[in-house]
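Down below is the structure, laid out as structure tokens.
The values are calculated or read from the model by the stated rules, or taken from the named source; none is laboratory data. In this text the structure is predicted, and so the values were computed from the model without any measurement. Because the Cβ atoms are built from the backbone with ideal geometry, glycine has one as well, and the counts that use them run over all protein chains shown. SASA here: full protein model, heavy atoms, side chains in, ligands and nucleic acids out. Shrake-Rupley method; radii C 1.70, N 1.55, O 1.52, S 1.80 Å.
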Amino acid sequence: MQEFSFHCPTEIVFGRGVEERTAELLRKYGAHRVFIVYGGGSVIKSGLLARVERVITAAGLAFSVRGGVRPNPRLSFAREAVREAMDFEADFLLAVGGGSVIDTAKAIAHGTANPETDLWDFWSGKKELKKSLPVGVILTLPAAGSETSDSSVLTNEETGEKSGLPSPFNRPAFAILNPELAFSLSSPQLAAGIADIVMHTLERYMTHTEGNEFTDLLAEALLQNVAKYAPIVLAHHKNYEAMSEIMWCGTISHCGLTGLGRDKDFSVHKLGHALSARYDTNHGESLTALWGAWARAVYEDRPERFARFAEKVWGVDAGSAEERARAGIRKTEEFFRSLKLPISLGELPTGILEHRALEALADNVTADGKKSVGTFHPVDRALALKIYTAANH
């Protein structure tokens, strides 16, 4: 086990109707002027936004509302919202939605607290983030885990880059989790969210680090639980027990617990980000379309690790380590397929890509071959192209 430092300060408030405590939590964390961010019209249609506005108004807090966040959140939107939040003199950001809304709220918080710095300078590493405004979350989509994570992802439409910013300032002050708020999600939304939960865990699980048994057990239990409840919640969206399990797994999957004591890999996320930046691909679908090709390209580095995953999560206990590893990869793809998720690029809306498009994706991931991504098996340009090519069917 490697050395680590872990601090997840987000207060979790879980259960039916807990969004009624929004004003109480805002006051607890020092809010006076709240800038509310949401995505499409679902929070309006459901009445959630109106309920939130009601409790905030009753508490005597000032607020301003900005909707329109899209999946694969845009830098341009965040920049515009920063100007609005500054004009409003916001001192707190409240995200009402899923991962894209939460990541955008984090970006707005950073930009509002640092008006002298362009947002992308933080994401590109040109400037170090040293202060921000607090963020609260009312979660409506179990998926990205951004409600507790130290990460925020933005897409720069000008440069065609999608990048994550790791920072302790990305940890929300509080997160309100009411599983009932996810009942109205469509099956494709739920399935893609479940894929993200699985991948946030797998990207931490595949490692060369030895002697990290408890963290391994946490990750394996989470994956087992998702595999158990995913088909239930997709068949019965209003099953409170199943939605509760999926929502809680999503929150834990990206808070850091399932990767303590080892490096994160996240090479599949990087490969998927290039797809999303170029083609606006659904995030969860980009991951499932690429994971099998990545796994087959690298599993021989440590087949016993993949074999353990196959045994603990999918019950594969026969054959050599290599055979069990390959069986585990197949079982994972079968699970994705059972959720009606793509397991190849050809199953995405873009369809099978031309070779020059694959080369452009490999260039994007590796900065034209100047860097590698990931830690389990660092992915350089040649390997990125090999993975994209293997998935291109």
Query raised in the report: Can you find even one residue in the stretch 111-127 that is touching a strand residue (DSSP E or B) at 6+ places or on another chain (Cβ under 7 Å) and under 24 Å from Glu53 (Cα atoms)?
Result: no
**Report entry** Members of the stretch 69-121 that are at pLDDT below 95 and among the hydroxyl-bearing types (Ser, Thr, Tyr)
**Finding:** none
Query raised in the report: Quick check, is Glu220 assigned by the TED database to the domain that holds Leu133 and either over 30 Å from Pro303 (Cα atoms) or not basic (Lys, Arg) (or both)?
Result: no
Query raised in the report: How many residues are in contact with a strand residue (DSSP E or B) (Cβ under 7 Å, 6 or more places away or on another chain) and of a type in the set (Asp, Glu) if we restrict to the stretch 1-39?
Result: 2
**Report entry** Criterion violated by Ser163 - all others in (1) under 13 Å from the mean Cα position of the chain (by Cα); (2) at pLDDT 95 or above satisfied
**Finding:** (2)
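Starting from residues that are touching an Asp or Glu at 6+ places or on another chain (Cβ under 7 Å) and assigned to a helix (DSSP H, G or I), keep the ones in the stretch 73-109 and report whichever is most open to solvent (accessible area, probe 1.4 Å). Full working, then the answer.
Step one: list which residues in the stretch 73-109 are touching an Asp or Glu at 6+ places or on another chain (Cβ under 7 Å), which gives 73-76, 102.
Retained after the next criterion (residues that are assigned to a helix (DSSP H, G or I)): 75-76, 102.
Values: Leu75: 1, Ser76: 49, Ile102: 0 Å².
Filtering first and then ranking leaves Ser76.
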Query raised in the report: Any idea which residue in the stretch 377-388 is surrounded by the fewest Cβ atoms within 10 Å (Cβ to Cβ), counting only those that are free of Cβ contacts under 8 Å to residues at least 40 places away in the same chain and in a helix (DSSP H, G or I)?
Result: Ala382
Query raised in the report: Somewhere in the stretch 303-312, is a residue among the hydrophobic types (A, V, I, L, M, F, W, C), assigned by the TED database to the domain that holds Ala191 and open to solvent by 20 Å² or more (accessible area, probe 1.4 Å)?
Result: no
